[in-house]
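First comes the structure, then the notes that go with it.
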Amino acid sequence: MQPSPLDQQALPVRPRFETIGRGDVAKPQPPSLVAERIRSQPKALKLTIPGLTIRFAQRPMKKKRRGSPPISGHPEVRRPAHLTSLPLELLGMIAWYLNSRDLLSLARTSRWLALTLTGPDSSYMWRSSRQNFRPWPLPDPTPNFTESSYAAFVFDAGECCICHSPTKARYLSYALRRRICGKRACNNSPQGLLIMTLAGARPALPEYAGTVVYDESSDPAGPTIYEANQWADAEAEYEAVSADPDALKRLRETYVHRRQHVARIVEHAKNLIKWTNAYFNSLTEINHANKFFWRRKCNKDPNLNTIDMANSPTLQQVVRVCNGDCVYIDETTWQRYQTKIIEETQSLEIRRIGRASQRRQYQHLYELKSYYNWLQSATPRPEINSTGRGPALSTFSSRLPGSFPPKHPLLPPLTEFLALPIVNALLQKHSASPGALKSDLHKPDGVMKKIIQDSIDGWMERTKSRLAKVLGHKHGSYSGASHPVNWVTALFACRLCGLHPYPRSRPEVSGPSISNPDPRAETSGKGLTFEGLLSHRCSGEWKNEHILWSVDQFVPDEKAIQAMRAVLAAWGINEDDPLAWQRLNTPRLQMICESCANHDNRDGNEPGLVVLRTPDVIKHARRHRELIVSLLMPEEERKIAKGTEVPPGTVSFLVGKKGSPVMHRKASVKKYGCNHCSFSKRRMSFNGIRSHLKVKHNISRIGDEDFYGVTKNVVKAPPKAAISMGDDAMEGVQQMNGNLSPSWAA
């Protein structure tokens, strides 16, 4: 029988059940009796239930871990205490060279030393250390002090008598044992004091005044300072017996001994206050003398700096020891440590000069970076859409890379810019003021700006020559209006980023290879032009790893170059034409992807119509092992219903801002259809079309050509002569070049 829930709540501890064997069958017991037996024996209990014997055991309490467990094999090794093994006579000889303050600190280092040095047999040690105290011996203590307690009374810290906070300030009055911390409110407060003034016709002090301890610094002819509590106790004691002559007589007899005791306390306090004032005055004088001594030594050598010598660890230790012992630094002490002090001073000077040079270089680096950003500020801004809330859709992926050159000369990467000889010289330049380099860079005459621009132009020419050699053009073998690096077929891929390309979309595509890497997603798969090559930055595989830019990391993007040459041949445009970018960026230049149609037809589906704009051909060509396209002529373009294509850059716009609520609403509207399927009335949202393309057509990276955005019928254009972008691409293009080159494309 199990206890009821109410009885279980009454258990003092949570029991653990452990079966220990079957016993005799017992009579059933009510739950209340079971709970009562458990309450009476919470530690261990055997409970017999019909057919089963159960033992309740109390769960042991968990011990709170106070520290890390000891490491086995590495026991804690304590430093040996050599003083504890010395005889008392040798320990006394050592204590003879110590003053009372140092001996007090030594007695508090261990329990054995505390018991040994505070015993009655060690009084001679404290006495000798007190007599050898510099610059003057410490006054003898009163009989109520032992030697060790007297040293603690003089040198220990205490509590402020006003705010009761710990303070290391010395006693203002040894008789009253009054010390005040450095707070302004405490220094100006007479709290707890009673000032008695005898002047003019005021009556004399009462006869019990001599039995109260007063401030030893009080002037006999002036006011006397007492503790208010002690004065009140003496006054109450006198008034209590003033009515009884016998009691008053006995009290006056005790006043004799009290006055003698107070006189001894005040006299000893006066000696202590004189010694304290003389000690601190001598300490201040010795500190200044030692400081002037090593400064004079430093000023004699013009190669030494005072600040550097003041930071020398050896000199700091020598000064600290001499000041603590109230000893002047003499020539003997200086000659002993002079060599080491000078070596440390020179080392500190070298470090100081290096840090100053490093700070200057950081300042110059900041100014040169600001100047580099100022040179880049002429970069044309993206177009603003009609709403004025961001870039227009046409600025994302509708244009080919490099189709519109910037209005300012191209700049090398920042690392290469800082490595230019003139810039490196400016970085190492020693300027008189922090902003001198900035003013030189922005002078109205522009001399420094012209020199830097000439260095940039020289770097550009050298880089273009190296990249032309990478493309297979020998120096001097090319001729034309533009450099081969500026041609539309000069497309590159980063060799480092090619090791981690974005995944392919089609199963027919082979795996990545270093010889033909894909560019990064930032280029949208269109390849890196010379302008994009300069702005390309690789991020390391790890978080804090940074890869420096180098021209050797770029290789020709063979896939993009092959596709671009086929497109140029199809439309009759020369690759060295300076206006080739603008002509290819014409929206009327469109093609139909036959490779997608063949792939969809192979799966048993009726193929759709995938229309490619010229800027999307390179990115789309990476899906297929062999890209086959047919040209879409202007006459056939009219057969396609207007408005079926999505605006250029829709994918980049919606994917790039997928976290925005506005973009979420736009992406959730069901107004898109698949171009890879035959036309149907089914409409999907943007996320739905992405899932459809992934599952149905195995396309993970979608493009604007993969879907349409209206409900009008789409008429598939009849395929023309197919152009294969494989190994025999150029042969087929040359055969059709005369028939398929429209006059308006030139």
Stretched fully, the stretch from residue 237 through residue 370 gains (0.36 nm per residue minus C-alpha distance, one decimal, in nm) 39.4 nm
Over 5 Å intervals from 0, what percent of Cα-Cα pairs in the stretch 408-455 sits in each interval?
5, 19, 28, 27, 16, 5, 1
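Once the Cβ-Cβ distance between residue 185 and residue 283 is put in as r, and R0 is 30 Å, what FRET efficiency do you end up with, to the nearest 0.05?
On the way: r = 28 Å, r/R0 = 0.92.
Working from the Cβ atoms, E equals 0.60.
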Mind listing the phi-derived Karplus ³J(HN,Hα) values for the stretch 442-453, rounded to whole Hz, using 6.51, -1.76 and 1.60 with θ = phi - 60°, and x for any glycine or proline?
10, 5, x, 5, x, 5, 5, 5, 5, 5, 5, 5
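In what order do 109, 463 fall by count of nearby beta-carbon atoms within 10 Å, going from fewest to most? Provide the component values of the computation, followed by the final result.
Numbers: 109 11, 463 18.
Fewest-to-most Cβ neighbours within 10 Å comes out as 109, 463.
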Once amide hydrogens are built 1.01 Å from N within the peptide plane, the residues lying 5 or more places from residue 175 or on another chain with amide H under 5 Å from its amide H are 216
For residue 590, what residues show an amide H to amide H distance below 5 Å, using hydrogens built from the backbone and excluding near sequence neighbours?
632
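Distance check, please: which entries in 526/670; 168/274; 429/464; 671/694; 270/291 exceed 21 angstrom between their Cα atoms?
Checking Cα-Cα distances, 526/670; 429/464; 270/291 exceed 21 Å.
Listing 238, 328 from the residue with the fewest other Cβ atoms within 10 Å to the one with the most, what is the order?
Fewest-to-most ranking of 238, 328: 328, 238.
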Per-residue ³J(HN,Hα) for the stretch 463-470, Karplus 6.51 cos²θ - 1.76 cosθ + 1.60, θ = phi - 60°, Hz, x for Gly and Pro:
5, 5, 5, 5, 6, 5, 5, 5
How much length would be gained if the chain were fully extended between residue 669 and residue 255, taking 0.36 nm per residue of separation minus their Cα-Cα distance, in nm to one decimal?
138.4 nm
Regarding the stretch 89-190, what are the three Cα extents along the principal axes, ordered largest first, in Å?
50, 28, 25
For residue 554, list long-range residues whose amide hydrogen, built 1.01 Å from N in the peptide plane, is under 5 Å from its own amide hydrogen.
495
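Only the coordinates and a few stated rules stand behind these numbers; no lab work does. Given the structure is predicted, the values throughout are model-derived calculations rather than measurements. When we count neighbours, we look across all protein chains shown, and the Cβ atoms used for this are built from the backbone with ideal geometry, even at glycine.
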